[in-house]
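Student: Just passing along the structure, written as structure tokens.
The values are calculated or read from the model by the stated rules, or taken from the named source; none is laboratory data. Because the structure is predicted, anything quoted here is derived from the model rather than measured. FYI the Cβ positions are ideal-geometry reconstructions off the backbone, even for glycines, and counts take in every protein chain you see. Remember, those area values only see protein heavy atoms, side chains included, never the ligands or the DNA or RNA. Shrake-Rupley method; radii C 1.70, N 1.55, O 1.52, S 1.80 Å.
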Amino acid sequence: MKNAVNYSGTSTCIGNTDASIDTSRGNSPSTTRTSEALAIPHIKVKKICCIGAGYVGGPTCTIIAAKNPDIIVTIVDINQARIDAWNSDNLPISEPGLDEVVKSCRGRNLFFSTDVDKAIHDADLIFVSVNTPTKTKGMGAGYAADLGYVESATRRIAQIARSDKIVVEKSTVPCRTAQNMRYILEANSKAGIRFDILSNPEFLAEGTAVSDLMNPDRVLIGSLKTESGRAAAASLADVYASWVARDQIITMNLWSSELSKLAANALLAQRISSINALSAICEATGADIEEVSYACGLDTRIGPKFLKASVGFGGSCFQKDILNLVYLSESLHLPEVAAYWKQVVDMNEYQKRRFSNRVISSFFNTIYGKKIAILGFAFKKDTSDTRESPAITLVNHFRTEGAQIAIYDPKVQESQIWIDLTEPGVMDDLTEVQKQVSIAKDAYAACDDADAVIICTEWDEFRDTVLDYKLIYDHMKKPAFVFDGRLILNKTRLEDMGFQVGTIGRATSGFTVPKDWE
Ligand SMILES: NC(=O)C1=CN([C@@H]2O[C@H](COP(=O)(O)OP(=O)(O)OC[C@H]3O[C@@H](n4cnc5c(N)ncnc54)[C@H](O)[C@@H]3O)[C@@H](O)[C@H]2O)C=CC1
Ligand SMILES: O=C(O)[C@H]1O[C@H](OP(=O)(O)OP(=O)(O)OC[C@H]2O[C@@H](n3ccc(=O)[nH]c3=O)[C@H](O)[C@@H]2O)[C@H](O)[C@@H](O)[C@@H]1O
């Protein structure tokens, strides 16, 4: 049975054989089998439009184009500079392997354009992959997702469409957003045009976007249980089936799909906050967080991933999506649930503050006039993205304490660092910032004459097997401190060179363990 879809209640796989769903997979529902499934006639997608050429829309639809040479994929954006960059040799997003894939299909069946209307008009399937930041004003400010970009893209689709469209929520959105999109589409479009709305959340992580897209753990498609909703899901499933195994393409109801995305991010972030909370206990007791996370991760029910203690999680989504979940819970009159998830974000703020306080207290509680080298400004390695990077919080804190700060990051543009450290439009304080902050051309320059070196991002080039820490030590003020916020340095090796070493999740300098106890 080809392209069969079962909507008998919960989720299922879209299979291309009569084989039953593998119910041995931990979370797959046990009730549905493809032998019971309905064959749904559905269209074959020929033209795709992706609205939003950002970190998600760009890589995702590039891979779709690469894997479906018979589908024309046009990625559009209102940001001319971003589209120009996608059409150049200097892509706006730095992701390992992305340049090659873009080059392999750009101009063939992959196009980047600012002509949003034409791409909408021509497409039979439209991904909405625009930003959904946290609201800064009005109702729900600081928590709720700002759906203004989703709404304006949806209104544009309604206005331009002259034929039936499958509209796919790729952006991360609150539960039941699809319903609002449907109201907008039906209220603003020409009579007789049908819109089928699907939820297809994206799970890629930055820095590994290409490999995540090539080998996803699962592809989630949420749809209404109507015949046309199921047919639309089957059409989208065919697009992914060009390279994803059918049993990894899961369909479920729209609201479950929307909520699953927020839930997955909340659960991932919760693990990091949990291990970071334990890192504070380690620092106070002499336990070692790497040993604790190794021991816990060996339990197959827990698993080893996402248990790396750090200076705090960053990135554009974890905080935003959890706050979104907090707002949703509050709106549903579930204050205990809201408080539970809010604590994950609070713990992250605490971790960043705890780390910078540790640096300051190591210098007899004052870093005024001291030089601090910040190695890494991106929120994680292998990306130039700085959104919600812990480095920003740390630099701002050190600035208020009067320190001189030198920053080096191998990928982040200098202009981006200045944007992150100032508040354009709110307070034009670049000159003030530059009195205390400089940007170095490499790690050695940043560390030259410094009192302390801080590892903020786990770039491989900052490892003690790559960077010459002896040379760095020789050019620093003494005592020379290094604070490892990412657990990438060999503490003993650096101590042997003469460094004072502060590591996340290892005893603070105030805690003395007799040598033969270690
Ligand atoms: N960054 C990530 O790794 C992931 C992000 N997501 C979600 O995907 C969504 C997009 O995220 P990013 O790609 O990171 O955002 P982004 O900010 O990098 O890109 C969004 C793009 O949409 C464009 N845009 C906004 N309104 C538009 C309109 N009406 N017409 C045309 N273009 C428009 C913007 O100019 C921008 O270039 C968000 O909801 C995010 O939560 C989901 C998974 C991973
Ligand atoms: O919705 C999204 O935007 C994406 O958010 C995360 O991806 P991303 O933020 O790109 O990167 P992660 O690898 O999850 O790292 C997030 C932050 O947590 C930190 N982290 C990660 C893992 C860990 O064990 N410890 C830790 O501190 C990282 O350094 C980084 O600052 C999720 O991993 C993706 O599945 C999701 O699609």
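Student: Can we say A234 is of a type outside the set (F, W, Y), outside any strand (DSSP E or B), more than 15 Å from ligand 1 (Cβ to nearest atom) and open to solvent by 30 Å² or more (accessible area, probe 1.4 Å)? Break it down into steps so the answer makes sense when it comes.
Tutor: Working: of a type outside the set (F, W, Y): yes; outside any strand (DSSP E or B): yes; more than 15 Å from ligand 1 (Cβ to nearest atom): yes; open to solvent by 30 Å² or more (accessible area, probe 1.4 Å): no.
Here the answer is no, as A234 does not meet what is asked.
Student: Please go through the stretch 257-311 and pick out each residue that is among the charged types (D, E, K, R), assigned to a helix (DSSP H, G or I) and either touching a Phe, Trp or Tyr at 6+ places or on another chain (Cβ under 9 Å) or open to solvent by 40 Å² or more (accessible area, probe 1.4 Å) (or both).
Tutor: Residues satisfying the conditions are K261, R271, E283, E290, E291.
Student: When you go through (1) open to solvent by 40 Å² or more (accessible area, probe 1.4 Å); (2) modelled with pLDDT under 95; (3) within 16 Å of ligand 1 (Cβ to nearest atom) one by one for D428, which number turns out not to apply?
Tutor: Here D428 meets the rest and fails (3).
Student: I would also like to ask the following. Looking at I417, I392, I407, which is the one that is more than 25 Å from V345 (Cα to Cα) and open to solvent by less than 50 Å² (accessible area, probe 1.4 Å)?
Tutor: The unique qualifying residue is I407.
Student: Moving to a separate point now. Go through the stretch 431-490 and give me each residue that's open to solvent by less than 10 Å² (accessible area, probe 1.4 Å) and among the aromatic types (F, W, Y).
Tutor: Within the stretch 431-490, F462, Y469, F483 meet the criteria.
Student: A follow-up question, please. Any residue that is in contact with a strand residue (DSSP E or B) (Cβ under 9 Å, 6 or more places away or on another chain), open to solvent by less than 50 Å² (accessible area, probe 1.4 Å) and of a type in the set (S, T, N, Q) - is there at least one of those in the stretch 223-231?
Tutor: Looking for residues that are in contact with a strand residue (DSSP E or B) (Cβ under 9 Å, 6 or more places away or on another chain), open to solvent by less than 50 Å² (accessible area, probe 1.4 Å) and of a type in the set (S, T, N, Q), one finds at least one in the stretch 223-231, hence yes.
Student: Which of the residues belonging to the stretch 54-86 are hydrophobic (A, V, I, L, M, F, W, C), within 16 Å of ligand 2 (Cβ to nearest atom) and either farther than 19 Å from S104 by Cβ or touching a strand residue (DSSP E or B) at 6+ places or on another chain (Cβ under 7 Å) (or both)?
Tutor: V56, C61 - these are the residues of the stretch 54-86 that are hydrophobic (A, V, I, L, M, F, W, C), within 16 Å of ligand 2 (Cβ to nearest atom) and either farther than 19 Å from S104 by Cβ or touching a strand residue (DSSP E or B) at 6+ places or on another chain (Cβ under 7 Å) (or both).
Student: Restricting to the stretch 316-330, name every residue that is open to solvent by 60 Å² or more (accessible area, probe 1.4 Å) and away from ligand 1 (no atom under 16 Å from the Cβ). Steps first, answer last, please.
Tutor: Here is the first cut: in the stretch 316-330, the ones open to solvent by 60 Å² or more (accessible area, probe 1.4 Å) are 327, 330.
Selection gives E330 alone.
Student: Of all residues in the stretch 253-282, which are within 16 Å of K170 (Cβ to Cβ), away from ligand 2 (no atom under 11 Å from the Cβ) and out of contact with any Cys (no Cβ under 8 Å at 6 or more places or on another chain)?
Tutor: L254, S257, S260
Student: If you check K380, K370, which single one turns out to be of a type in the set (K, R) and within 16 Å of ligand 1 (Cβ to nearest atom)?
Tutor: K380 is the lone residue from the list that is of a type in the set (K, R) and within 16 Å of ligand 1 (Cβ to nearest atom).
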